[in-house]
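Right, one structure below, let's go through it.
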Amino acid sequence: MNRTRFPALDGLRAIGALAVLTTHVGFHSGASLNGPFAGLLARLDVGVAIFFAISGFLLYRPHVVAWFDGTLPPLTLPYLRNRALRILPALWVAALLAAFLVPRKDGVGWATYLQHASLTQIYFDGPAADGLTQLWSLATEVAFYLLLPALAKLLTGYERPTRRSVRWRLVVLGVLTVFSPIWMASINATDHPRAGLWLPGYVGWFAVGMGFALWQVARSSGRLEPSTLDTLTKIPGTIWGVAAALLVIAANPLAGPYGLSPSTPGQAFLKSLLYTGIAACVLFPALNPTARTVRILGGKAGHIAGDISYGVFAYHLIVLSVVERISGYEVFSGKFALLFFPTLVVSVGVAAASYYGMERPIMRLGRRDKEYDVSPVGRNKSASAQANKVDAWTTPDVSPAPPSGHG
């Protein structure tokens, strides 16, 4: 079965991972708390929203394709197996490395590391393990993985894919994008911070990608007519400029404090809503990319960067801790560049070794596919190497694709 290729998503994965790494280095150096770029550095955690939107698109799209094509949706057990093969090996290695290489704070024991290794830490009280604090988002994403088969069946299982049914489902997914900001505002109003890590607070970011998946397949099959959205795919620079403008707005204290202080309900609502808009604007031009976008985001460098992005995400805080200890760096003492470049270079090296030496071989063995790659260049060369030169939606694109998600 051929996998439909969206080459520009490779580069977006890498951008998401780089944004998360940068914001964490910014926090450790203090540059995201004080200084001229504090707001922008603090808000680069929007990389999580980008990851979630990509996952929503790639994982929901096979269900939409099957709905439109009148075929069976992806089987749940193989889907969950593939998700486990993708995320668990690097996760478990990261948990072991953090346990042995990163100093523990009070209250952190082996049970804490087991919670992180099972991605259940967001449901327990107690401190997170240093070196693994970023994994709250992976735990939230796994909750989405588990929910998706039922949610997809609810959205695609009871009607034919007519123009009216497609529009209603787009409305439902649009409502979900507003639900998450309301949830985050409510959590901050009731002072229950741990619930702010749970899936309801972020389902709107996944819904962005799910909505784009439904729209993209509906347009390619002719269920939806041309609209302004089609015009916007031809001006990616403008859409990404809007994303940058939204990021500047989010960098304002109106979207909440830059550190770990709690936000007001209004700040939490605004931040969540702005991140939803940023994720949408970042993702949308990559769905029907121009030739230039494909060259920049989906070329060989983008392909490799996308493959190892999950490893960068999983290992970078461990690398950051080791860099700090070797260099004798004191947290919050400035010198952002002194931390950033060694952390980036070593994280990329560790992630590449992990992907090519462990993650990809395990995925190939588990999937019984000797050629499997997260970004399958070569399997569908016409799709992976070329942007759409004519109306992207005139040729139906409804080949069911195995899920591919985070990282």
Using a cut-off of 10 Å between beta-carbons, work out the net charge of the residues near Ala129 (Lys and Arg +1, Asp and Glu -1, Ala129 not included). +1
State log₁₀ I(q)/I(0) for segment 83-188 at q = 0.18 Å⁻¹ as given by the Debye formula over alpha-carbon point scatterers of equal weight, solvent excluded. -0.94
Could you state the angle between the C-alpha long axis of helix 236-250 and the longest principal axis of the C-alpha atoms of the chain, as a value from 0 to 90 degrees rounded to the nearest 10? 40 degrees
Protection proxy ranking, peptides 134-142, 75-83, 278-286, 296-304, average beta carbon neighbours within 10 Å, highest first: 278-286, 134-142, 296-304, 75-83
If each K or R counts +1 and each D or E counts -1, the residues other than Arg164 whose Cβ falls under 15 Å of its Cβ total +3
Of the listed peptides 60-70, 167-177, 199-209, what is their order by residue-averaged count of other C-beta atoms within 10 Å, with the highest listed first? 199-209, 60-70, 167-177
Need the list of aspartates and glutamates near Lys335 for cross-linking: C-alpha distance under 14 angstrom, and skip anything on the same chain fewer than eight residues off. Glu324
Calculate the length of the line joining the C-alpha centroid of segment 1-72 to that of segment 141-202, in whole Å. 18 Å
In deg cm²/dmol, rounded to the nearest 500, the helical mean residue ellipticity at 222 nm of the chain, built from -39500 (n - 2.57) for every DSSP H run of length 4 or more, is -21000 deg cm²/dmol
Extension gain, Leu77 back to Val178 (0.36 nm per residue minus Cα-Cα distance, nm): 33.3 nm
Computed over segment 1-159: relative contact order in percent, which uses C-alpha pairs under 8 Å that are six or more apart: 18 percent
Using the alpha-carbon atoms, what tilt in degrees (0 to 90, nearest 10) does helix 336-354 show relative to the longest principal axis of the chain? 60 degrees
Largest first and to the nearest Å, give the Cα extent of segment 218-273 along each principal axis. 48, 23, 14
For segment 200-242, dividing by residue count, accessible area per residue (probe 1.4 Å) in Å² works out to 35 Å²
Over the chain, with every protein chain in place, what whole percent of the accessible area is carbon and sulfur at 1.4 Å, could you tell me? 67 percent
Averaging sequence separations of C-alpha pairs under 8 Å and six or more residues apart, then dividing by the length of the chain, give the relative contact order as a whole percent. 35 percent
Stick to Cα atoms and the Kirkwood definition of Rh, then tell me Rg/Rh for segment 148-275. 1.04
Could you tell me which of rounded, prolate or oblate describes segment 302-361, using a ≥ b ≥ c as the square roots of the eigenvalues of the alpha-carbon gyration tensor, with rounded for a/c under 1.5 and, failing that, prolate when a/b is larger than b/c and oblate otherwise? prolate
Of Gly157, Leu135, Gly109, which is farthest along the charge dipole of segment 108-178 in the positive direction, counting Lys and Arg as +1 and Asp and Glu as -1 at C-beta? Gly157
How many nm separate the modelled label positions at Val171 and Arg367, each set 7 Å beyond the Cα in the direction of the Cβ? 3.8 nm
Each label point is 7 Å from the Cα along the Cα-to-Cβ direction; what then is the distance between the points at Arg104 and Ile296, in nm? 4.7 nm
Residue-normalised value, i.e. accessible area per residue, for segment 40-158 at 1.4 Å probe, in Å², stands at 40 Å²
Can you spot the aspartates and glutamates whose alpha carbon is less than 16 Å from Lys300's alpha carbon? Ignore those fewer than 8 places along the same chain. Asp10, Asp373
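The values are calculated or read from the model by the stated rules, or taken from the named source; none is laboratory data. The model shown is predicted, which means the values in this text are computed figures rather than measured ones. Cβ: placed from backbone, ideal geometry, glycine included. Neighbour counts: every protein chain shown. The area values use the complete protein model at the heavy-atom level, side chains included, leaving out ligands, DNA and RNA. Shrake-Rupley method; radii C 1.70, N 1.55, O 1.52, S 1.80 Å.
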